[in-house]
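Encoded as structure tokens, the structure appears first; notes follow it.
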Amino acid sequence: MREEQQQAEQPQEQRADAAEAGRRARFGALPERVDPQDLVEERPATPRDPARDAYDPDQVAIRYGL
């Protein structure tokens, strides 16, 4: 009777071993490290438009006062 239990457990153990091997193949190692320099993209800033920042009192009076 004990031999029958051992024989019945072997396929289950083999399935567990196969499942464990599959998990280890998929999740067994950490991904490679990424350097912080690779995470940052550097682009030059757009130049400021002086006409956009200029204050024109006549234009302000036309927009808001008249």
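Available extension along the chain between residue 43 and residue 63 is 3.6 nm, counting 0.36 nm per residue and deducting the alpha carbon span. Sorting 34-45, 16-27, 50-61 by average packing, meaning the other beta carbons within 10 Å per residue, from highest down gives 16-27, 50-61, 34-45.
Bear in mind these aren't lab numbers, they're just calculated from the coordinates by the rules spelled out. Because the structure is a prediction, the values reported are computed rather than measured. A quick note on method: Cβ atoms are made from the backbone with ideal geometry, for glycine too, and the neighbour counts reach across all protein chains shown.
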